[in-house]
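Visitor: Below: one structure in structure tokens.
The values are calculated or read from the model by the stated rules, or taken from the named source; none is laboratory data. In this text the structure is predicted, and so the values were computed from the model without any measurement. Heads up, the Cβs are rebuilt from the backbone with ideal geometry, glycines too, and the neighbour counts pull from every protein chain shown. Quick note on the areas: whole protein, heavy atoms, side chains included, nothing else; ligands and nucleic acids left out. Shrake-Rupley method; radii C 1.70, N 1.55, O 1.52, S 1.80 Å.
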Amino acid sequence: MFTTPYVLRALKALSIRAANDPIDPLLRGWEWHHPPIKPRAYLGLSVSDIASKYCPVRMDLWLRRKEGFKPRVSMEMNHGLIVHKMIDYIYRGVAREILDGKEPFETIESLKDPPESVAGDERLRQLYELLLISIVGTVMAESLLNGGIIPPPIITEYRVDGSRLGLSTGLRVDAISHGVIVEFKTGSPRDFHRLSLAGYALALESYYEIPVDYGLLVYIRLPDNGRPYIHYKPIYIDSSLRKWFLMERDEIIDMLLNDEKPQRPASCPANCPYREVCWK
Ligand code: SF4
């Protein structure tokens with residue numbers, strides 16, 4: 001369903017921007033052997049370490065990496081985790097059933113019971129059903145066009161080695177479809193969400209030496225009243241976004257290498273999972 005003509009059209013519109021603003025060849029991941037892609041140190045950072053700028057001074061990262069604190073898992077974080085696992089479960093399940101020779105309706109029947117973590121929550125259960133039907137619906141539409149039933153053209157929880165960029169060897173991209181990076185989000189949109197697309201694009205380019213120019217931020221909303229809904233944000237992973245990611249990476253490396261503990265800001269988000277540590 002994340003490959004519907006609507007979404008693909010939106011991404012295609014970005015290609016016009018790409019033609020007018022091509023990516024600086026020195027900002028491709030395969031240029032990992034020299035700056036600015038080459039890191040100052042290889043600390044095995046995750047993309048989320050760099051891209052999740054929820055803490056304005058990056059104290060969260062300091063506490064995790066230098067002081068060994070684990071964040072308090074909030075309801076929203078847990079929710080996000082369940083939704084990510086649910087999407088992976090559905091896509092893998094649909095692919096498995098289709099490859100086993102099941103018809104789309106049989107696939108829906110086999111997968112109609114959601115995993116335990118979802119079944120007890122009405123909104124998650126509703127999301128599960130809508131996603132399952134939409135994903136199998138895409139398979140059916142494809143079969144009408146192509147004459148054969150094939151699994152959805154998407155790989156979820158895709159692993160890539162980002163070590164050439166100073167990132168972890170086991171990065172995990174939410175999904176890749178048609179060469180487009182897909183990131184699922186359950187919180188409110190934030191501009192820095194684009195950074196994770198740049199991080200994964202650079203890592204994929206460093207590893208496979210093929211260009212990755214586009215990403216999709218998929219916001220999954222579960223209102224208290226009403227049906228779940230999804231909105232998309234297609235992103236061109238341009239030179240300035242790449243530079244922004246590399247700058248954030250380098251600042252974090254400097255902070256960690258120079259032992260520069262950040263100062264707590266005057267105010268912090270009320271839902272920060274480190275609040276109890278920083279404000280005790
Ligand atoms: S409480 Fe404030 S300083 Fe501490 S991690 Fe959260 S946002 Fe950062």
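Visitor: Condition check: within 28 Å of LEU256 (Cα to Cα), open to solvent by less than 70 Å² (accessible area, probe 1.4 Å) and assigned to a strand (DSSP E or B). Does GLU205 satisfy that?
Guide: On the way: within 28 Å of LEU256 (Cα to Cα): yes; open to solvent by less than 70 Å² (accessible area, probe 1.4 Å): yes; assigned to a strand (DSSP E or B): no.
Considered against the rule, which asks whether it is within 28 Å of LEU256 (Cα to Cα), open to solvent by less than 70 Å² (accessible area, probe 1.4 Å) and assigned to a strand (DSSP E or B), GLU205 comes out as no.
Visitor: Output the qualifying pairs, or none if there are none: Cβ atoms under 8 angstrom, residues six or more apart or on different chains, first residue in the stretch 131-154 and of a type in the set (Gly, Ala, Ser), second residue open to solvent by 60 Å² or more (accessible area, probe 1.4 Å).
Guide: From the stretch 131-154, the pairs are SER143/ILE149; SER143/ILE150.
Visitor: Let me confirm something: among ARG164, ARG190, which residue is open to solvent by 60 Å² or more (accessible area, probe 1.4 Å), in contact with a helix residue (DSSP H, G or I) (Cβ under 8 Å, 6 or more places away or on another chain) and basic (Lys, Arg)? Steps first, answer last, please.
Guide: On the way: ARG190 fails: in contact with a helix residue (DSSP H, G or I) (Cβ under 8 Å, 6 or more places away or on another chain).
One residue alone meets the criteria, ARG164.
Visitor: If I filter the stretch 253-270 down to residues being more than 9 Å from the ligand (Cβ to nearest atom) and either open to solvent by 90 Å² or more (accessible area, probe 1.4 Å) or free of Cβ contacts under 8 Å to residues at least 60 places away in the same chain (or both), which single residue comes out as nearest to the chain's Cα centre (by Cα)? Quick ask: steps written out before the conclusion?
Guide: Initial filter on the stretch 253-270 (more than 9 Å from the ligand (Cβ to nearest atom)): 253-261, 266, 270.
From the residues that got through so far, the ones that are either open to solvent by 90 Å² or more (accessible area, probe 1.4 Å) or free of Cβ contacts under 8 Å to residues at least 60 places away in the same chain (or both) too are 257-261, 266, 270.
On the way: LEU257: 27, ASN258: 30, ASP259: 29, GLU260: 29, LYS261: 28, ALA266: 30, ALA270: 24 Å.
Of everything passing the filter in the stretch 253-270, ALA270 is nearest to the chain's Cα centre (by Cα).
Visitor: Of the conditions (1) surrounded by fewer than 20 Cβ atoms within 10 Å (Cβ to Cβ); (2) in a helix (DSSP H, G or I), ILE90 clears all except one; give me its number.
Guide: Looking at each condition in turn, ILE90 falls short on (1).
Visitor: Only one of these is away from the ligand (no atom under 16 Å from the Cβ) and in contact with a Pro (Cβ under 7 Å, 6 or more places away or on another chain): VAL94, VAL7. Name it.
Guide: Working: VAL7 fails: in contact with a Pro (Cβ under 7 Å, 6 or more places away or on another chain).
After ruling out the rest, the residue left standing is VAL94.
Visitor: Among the residues that make up the stretch 240-248, is at least one of them in contact with a Gly (Cβ under 7 Å, 6 or more places away or on another chain) and open to solvent by less than 10 Å² (accessible area, probe 1.4 Å)?
Guide: So the first thing to find is which residues in the stretch 240-248 are in contact with a Gly (Cβ under 7 Å, 6 or more places away or on another chain), and the list is 245.
Narrowing further to those that are open to solvent by less than 10 Å² (accessible area, probe 1.4 Å): 245.
Taking every residue of the stretch 240-248 in turn, at least one turns out to be in contact with a Gly (Cβ under 7 Å, 6 or more places away or on another chain) and open to solvent by less than 10 Å² (accessible area, probe 1.4 Å).
Visitor: Okay, moving on. When the residues of the stretch 51-89 are narrowed to those that are within 14 Å of the ligand (Cβ to nearest atom) and among the hydrophobic types (A, V, I, L, M, F, W, C), which ends up farthest from PRO265 (Cα to Cα)?
Guide: Going through the qualifying residues, I end up with MET77.
Visitor: Here's a follow-up. Among the residues of the stretch 225-239, write down those that are exposed (fewer than 12 other Cβ atoms within 10 Å of the Cβ) and touching a residue at least 12 places away in the same chain (Cβ under 8 Å). Outline the logic, then answer.
Guide: Applying the first criterion (exposed (fewer than 12 other Cβ atoms within 10 Å of the Cβ)) to the stretch 225-239 yields 225-227, 231.
Correct list: ARG227, HIS231.
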